[in-house]
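Here the structure comes first, spelled out in structure tokens, and everything after it is commentary.
The values are calculated or read from the model by the stated rules, or taken from the named source; none is laboratory data. Since the model is a prediction, treat every value here as computed from it, not as a measurement. Here the Cβ is made from the backbone with ideal geometry for all residues, glycine too, and neighbour counts use every protein chain on show.
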Amino acid sequence: MTESATEPSVEITRMMDGAVIAQLIHLVAELGVADVVDGARSVDELASFTGTEPEALYRALRTLASIGVFTEVAPRTFDLTSLAVPLRSDAEDSVRELATVRGSREHWLALGELRHSLCTGRSAFARAYGTDWWSYLDENPEHAAKFSKAMGDNFAQVHAAAAGASDFPDTKLLVDIGGGRGDLVATLLQRHPAMHAVVFDRPHAVADAAELLQSAGVADRAQVTAGDFFEGVPEGGDTYVLCRILHDWDDQQAAHIMSNVADVLPAGGRVVVIEAVVPEGDESHPAKLMDITMLAMHKGKERSESEFAALFESAGLRHVRTLHTNAQISVLIAEVDRTTKVQEKPPSQ
């Protein structure tokens, strides 16, 4: 067999190892290995700090060092690399919480049922756990808190990019639908001193919002409201923001959410959707991998620009423009389309 004939098989075999790499990144994040690497440290020291077995930890770090996560600066002694730094909890662009959640048992078992999603189009998580993701979070507040923090930390760059790309010069009251801890609202209120805002999300998601808004110095201009956006959303806003919310839901459910927003949108108001936009064709993009995670976890999906436009239209909205950012997400802006008859809202699932 020629070398050229073996290359594809070698490459696809390497791709199969992605599961091992993902779990190793999850484990070193969960164990706090990067946090205790303050300059080069021996494996014995790291094992002592993290409660691990030295030889097993060495083999894990050696593997990660081979792909640029950590570096073996001397025999059995490791230091951080630029790829390892975000695994620290104190890093400005920390993804430690995200790594702990993405590699958690909840995600891992769901992906183990991915065949169910491919064959039925339904949630693999629900197949594995016997309940949907959101109900699971309601029943497991500890994991819900980890998930909320992971989303807040991971979206810091997204929020900054979105705030910079989209201007809110005339917004008096912004309503953040699915706003979680209030990270995006805090960013926007700090940039726009005259703006007021409402953070709206499920009770467990907004549990820490008041504290975060207070620490950001914007609590006097922010209100926290708990609720279910399938049942309705707060009235009175002139701008409604949905940041990484619609990708959690299938088309019918997403249309229901958009219709609820359109119902309270005043004349001249607008909807700002912050999402990854899936490019057409074979172009590589993180949204295409995330799309499979969304399918497995809760039957959600990432969407192309044309799919977003169709979603807006289904709610009687008109896609005005799309602003792209350097954070691999886009800002899609829609307004009320008075020429379009709003379709009847489909039921939530």
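Identify all residues within region 195-235 that are among the small types (Gly, Ala, Ser), surrounded by 14 or more Cβ atoms within 10 Å (Cβ to Cβ) and either touching a His at 6+ places or on another chain (Cβ under 8 Å) or not in a strand (DSSP E or B) (or both); write none if there are none.
Across region 195-235, the qualifying residues are ALA205, ALA207, ALA209, ALA210, ALA216, ALA219, ALA222, GLY227.
Among the small types (Gly, Ala, Ser) and not assigned by TED's automatic domain parsing to the domain that holds TYR240: does that describe ALA287?
yes
Would you list the strands (runs of 3 or more DSSP E) that sit entirely within region 71-180 and hold 1 or more residues that are buried (at least 20 other Cβ atoms within 10 Å of the Cβ)?
Answer list for region 71-180: 77-79, 173-177.
For residues that are in a loop (DSSP other than H, G, I, E, B) and either out of contact with any strand residue (DSSP E or B) (no Cβ under 7 Å at 6 or more places or on another chain) or modelled with pLDDT of 95 or more (or both), scanning just region 245-268, find the one that is surrounded by the most Cβ atoms within 10 Å (Cβ to Cβ).
Restricting to residues being in a loop (DSSP other than H, G, I, E, B) and either out of contact with any strand residue (DSSP E or B) (no Cβ under 7 Å at 6 or more places or on another chain) or modelled with pLDDT of 95 or more (or both), the top hit is LEU265.
Any residue in region 163-177 that is more than 21 Å from VAL198 (Cβ to Cβ) and in contact with an Asp or Glu (Cβ under 6 Å, 6 or more places away or on another chain)?
Looking through region 163-177, none of the residues is more than 21 Å from VAL198 (Cβ to Cβ) and in contact with an Asp or Glu (Cβ under 6 Å, 6 or more places away or on another chain).
Would you point out which residue out of ALA144, ALA162, ALA156 is among the aliphatic types (A, V, I, L, M), touching a residue at least 12 places away in the same chain (Cβ under 8 Å) and outside the structural domain of PRO234 (by TED's automatic domain parsing)?
From the options ALA144, ALA162, ALA156, the qualifying one is ALA144.
Considering only region 43-52, I want to know if a residue exists there that is free of Cβ contacts under 8 Å to residues at least 40 places away in the same chain, in contact with an Asp or Glu (Cβ under 8 Å, 6 or more places away or on another chain) and not in a helix (DSSP H, G or I).
no
Conditions tested, residue by residue: (1) within 25 Å of the chain's Cα centre (by Cα); (2) at pLDDT below 95.
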residue	(1), (2)
LYS301	yes, no
GLU307	yes, no
PHE312	yes, no
ALA315	yes, no
ASN326	yes, yes
ILE329	yes, yes
LEU332	yes, no
LYS341	no, yes
GLU344	no, yes
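Going by what's in this entry, would ALA99 be described as touching a His at 6+ places or on another chain (Cβ under 6 Å) and not acidic (Asp, Glu)?
So ALA99 passes the test.
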